[in-house]
């Protein structure tokens, strides 16, 4: 069985920012499929602004559940997280450093061998569940400081993801 996990690093800086009312700060994330780290590494996290990050991950999970391709663009440098559903209920995840790698799987890793472009295939259901759990952790954490935080964008998308997960369960 393939293990998929999504972990956010809500460190002291994050909690201090949340306390001050800033719920959209740079937070570390680690997305792992079995032994492959798509985001982060065993010793580090990939950092991004948390709310758009969570929104992008939820949108990727929704697309995967609907058998649609999705690309999360980090808008900082050339970094992309690609969700590519396969025909067998699984999703290929790829972290890419160029638009060429996003569009052409054979190109991945060719542009800069010093920058790994990790890829792994995960069961779509397990991937969506891991993203759902991570997004819920984000909401629970920020709502310790502001009960209405995340209501405008994250919560409705997460509700939609929960519905999508409910309709795909056996």
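Please report, ordered by residue number, the strands (runs of 3 or more DSSP E) entirely within region 54-170 with at least 3 residues that are in contact (Cβ under 8 Å) with a residue 60 or more places away in the chain.
Details: elements: 70-73, 80-85, 90-96, 119-123.
Those strands (runs of 3 or more DSSP E) span 119-123.
Going residue by residue through region 99-117, is there one that turns out to be within 11 Å of the chain's Cα centre (by Cα) and either closer than 29 Å to residue 166 by Cα or at pLDDT 90 or above (or both)? Steps first, answer last, please.
Taking region 99-117 first, the residues within 11 Å of the chain's Cα centre (by Cα) are none.
There is no residue in region 99-117 that is within 11 Å of the chain's Cα centre (by Cα) and either closer than 29 Å to residue 166 by Cα or at pLDDT 90 or above (or both).
Within the group 116, 42, 52, 85, which residue is out of contact with any helix residue (DSSP H, G or I) (no Cβ under 8 Å at 6 or more places or on another chain) and surrounded by 15 or more Cβ atoms within 10 Å (Cβ to Cβ)? Write out each step before concluding.
Numbers: 116 fails: surrounded by 15 or more Cβ atoms within 10 Å (Cβ to Cβ); 42 fails: surrounded by 15 or more Cβ atoms within 10 Å (Cβ to Cβ); 85 fails: out of contact with any helix residue (DSSP H, G or I) (no Cβ under 8 Å at 6 or more places or on another chain).
Residue meeting the stated conditions: 52.
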Flagged in region 16-35 as outside any loop (DSSP other than H, G, I, E, B) and either surrounded by 14 or more Cβ atoms within 10 Å (Cβ to Cβ) or without any contact (Cβ under 8 Å) to a residue 60 or more places away in the chain (or both), in numbering order, are 16, 17, 18, 26, 27, 28, 29, 30, 31, 32, 33
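The values are calculated or read from the model by the stated rules, or taken from the named source; none is laboratory data. Not measured: the values here are computed from a predicted model. Every residue, glycine among them, receives a Cβ derived from its backbone with ideal geometry; neighbour counts consider all protein chains shown.
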